[in-house]
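Structure, as structure tokens:
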């Protein structure tokens with residue numbers, strides 16, 4: 001099967017798996033087909049799936065990743081102050097590093113809103129449905145919601161990176177408190193400690209807690225840079241830290257803080 005055939009096959013399998021979406025017509029254009037496939041993957045609950053589905057899904061997602069382009073994070077130039085730190089503007093799901101960081105919610109099983117623009121949705125969509133299954137198993141064993149400021153490690157499945165670090169950042173309601181600042185720093189520290197403890201030497205961070213969690217961008221970046229620098233001063237295991245941004249405004253903030 002080519003990519004179009006695999007995409008349509010996956011859509012039909014998901015519709016069969018979730019009959020409530022069976023009446024949806026498969027669009028004619030590739031982009032609309034991709035949106036429908038992603039939407040169905042987003043809303044699918046964590047439940048067993050056939051090996052046949054996983055094989056076709058994995059082949060499809062890995063080829064899509066190749067076609068979108070993969071950036072080797074280890075080749076990114078370092079900043080002047082510390083060559084281990086890099087700044088990169090782009091799609092974090094395209095980065096090939098040891099682990100990328102997912103700004104998750106407390107349920108830790110991904111975003112269920114079809115094609116939502118959050119990083120949680122993107123990471124789960126391009127990793128494949130196995131990621132939700134692994135996260136669900138982790139949370140069932142834990143027995144409670146994920147606390148703010150901690151980190152969980154999972155495989156990355158069809159992403160170019162090897163692992164995903166999931167962390168829940170503080171949600172800002174009103175003014176930023178000292179506790180909010182401390183919890184955000186804990187997110188970065190926990191991710192680094194978890195990575196190092198598992199032999200991961202390169203990590204790409206998104207802008208945790210900004211966006212829908214409403215942490216102001218510059219203070220969040222200041223905390224991120226300070227926490228990472230403090231960790232690198234004491235721990236030599238990390239060889240590459242990438243601050244990944246998506247907006248020009250965040251790029252300017254990090255350029256100012258890192259150079």
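Go over the candidates 232, 251, 257 one by one and state the one that is part of a helix (DSSP H, G or I) and within 23 Å of residue 122 (Cα to Cα).
251
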Notebook entry, point to check: Looking at 35, 80, which one is farther than 26 Å from residue 169 by Cα, surrounded by fewer than 19 Cβ atoms within 10 Å (Cβ to Cβ) and assigned by TED's automatic domain parsing to the domain that holds residue 254?
Noted result: 80
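Residues 241, 208, 200: which one is in the same structural domain as residue 83 (by TED's automatic domain parsing) and part of a strand (DSSP E or B)? Spell out the reasoning first.
Values: 208 fails: part of a strand (DSSP E or B); 200 fails: part of a strand (DSSP E or B).
Going through 241, 208, 200 in turn, just one is in the same structural domain as residue 83 (by TED's automatic domain parsing) and part of a strand (DSSP E or B): 241.
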Margin query: For the stretch 155-175, which positions are touching a helix residue (DSSP H, G or I) at 6+ places or on another chain (Cβ under 8 Å) and surrounded by fewer than 18 Cβ atoms within 10 Å (Cβ to Cβ)?
Written below: 155, 171
Notebook entry, point to check: Applying the selection to the stretch 241-252, what residues are over 21 Å from the mean Cα position of the chain (by Cα) and in contact (Cβ under 8 Å) with a residue 12 or more places away in the chain?
Noted result: none
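Can you find a residue that is on the phi > 0 side of the Ramachandran plot and either at pLDDT below 95 or outside the structural domain of residue 85 (by TED's automatic domain parsing) (or both) anywhere in the stretch 215-237? Full working, then the answer.
Taking the stretch 215-237 as the starting set, the residues that turn out to be on the phi > 0 side of the Ramachandran plot are none.
No, that holds for no residue.
Enumerate the strands (runs of 3 or more DSSP E) found wholly within the stretch 64-182, keeping only those where 3 or more residues are without any contact (Cβ under 8 Å) to a residue 60 or more places away in the chain. Walk me through how you get there before you give the answer.
Details: elements: 85-89, 99-104, 152-155, 163-168.
Output list reads 152-155.
The values are calculated or read from the model by the stated rules, or taken from the named source; none is laboratory data. Keep in mind that what you see is a predicted model, and the values were worked out from it rather than measured. Note: ideal-geometry Cβ built from the backbone for every residue, glycine included; neighbour counts use all protein chains shown.
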